[in-house]
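Derivation of every value follows stated rules applied to the coordinates shown; laboratory data play no part. Every value quoted in this text rests on a predicted model; they were computed, and no experiment measured them. Virtual Cβ from ideal backbone geometry, glycine too; neighbours counted across all protein chains shown.
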Amino acid sequence: MGNRSKRTVPEHVAIIMDGNGRWAQARGKPRLFGHHAGARRVREIVESCPDLGVKYLTIFAFSTENWQRTQAEVSGLMKLFKRYLMSETKELVTEGICVRFIGDRMKLDETLVALMDEVELLTCDNDRVNLTIALNYGGRDEVARATKRLSRDVAAGKVDPEDVDDETLASYLDTYVLPDPDLVIRTSGEARISNFLLWQSAYAEYEFVDTLWPDFTRDEFASVLSKFSTRERRYGAVPG
Ligand code: IPE
Ligand code: IPE
Ligand code: MG
């Protein structure tokens, strides 16, 4: 099953970047102020990955449930994503970052999707760090979309239902090219998954930290990773 290993450095770290709104509120500012501060943090964490030995980093930027926020916050976030991609693409290319997006693109506006396609294309030959951005992503939505595509292939006679196993389903997920996450970090003190990488995190380790995302530094990231290295991953077996 995927990337079972005894590595002490997680190969794939996934982060639920939470707490931007509270960070802003604590400063008497609008929530979007916190989202901008949060976006600035992303670069520092991405750039620390090669030194820390992290090969895959996946970040949760916008969930399928986040559309329920006010129209002002949603449109502010969409504008921020566009601005971020426009201003960061060059840096991502030169830093050797390979960028991918997971989530349902159908609901996103054309301009944003065009920027996402462009950054994927421009960075696809890079391999220093694999950065995956989850945008309009929900774990259940991903499994439902995967099932829809798989059902079509079954109906078309391309897949025999008797051959369907967990690897088959995994190959239909948005994350089909990625190893499973070894470590999932959530900032802001909330201890829940909020529909992030449900299938892929079956054997991930979890780390919940109180720090709000805009305050999450490279040093704290490093210390969470070193804590991970002391854990024993058993995958349901009895350690020998
Ligand atoms: C995470 O911060 C970013 C997104 C969900 C887009 P929040 O906006 O959820 O911040 P809090 O949890 O309200 O503080
Ligand atoms: C999860 O955070 C989504 C992202 C970080 C993008 P939320 O703030 O949306 O999750 P809940 O509402 O606290 O569960
Ligand atoms: Mg939140």
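With the convex hull of its Cα atoms as the shape, the range 1-75 has an orientation-averaged projected area of 6.8 nm². In angstrom, the C-alpha Rg and Dmax of the range 4-226 are 17.6, 59.
With 10 Å bins beginning at zero, the pair-distance distribution over Cα atoms of the range 123-177 amounts to 20, 43, 26, 11 %. Taking all pairs of different Cα atoms in the range 142-239, averaging 1/r and flipping that mean, what Kirkwood radius in angstroms comes out? Here the Kirkwood hydrodynamic radius works out to 16.0 Å.
Would you check the range 67-190 for Lys pairs whose C-alpha atoms are within less than 15 Å, ignoring same-chain pairs closer than 8 in sequence, and give me the count? Provide the component values of the computation, followed by the final result.
Working: 79/107; 82/90; 82/107; 148/158.
Lysine pairs satisfying the spacing and distance rule in the range 67-190 number 4.
If the segment from residue 26 to residue 154 were pulled out straight at 0.36 nm per residue, it would be longer than the present Cα-Cα gap by 40.8 nm. Spin-label model, residue 169/residue 90: points 7 Å from Cα along the beta carbon direction are separated by 4.5 nm.
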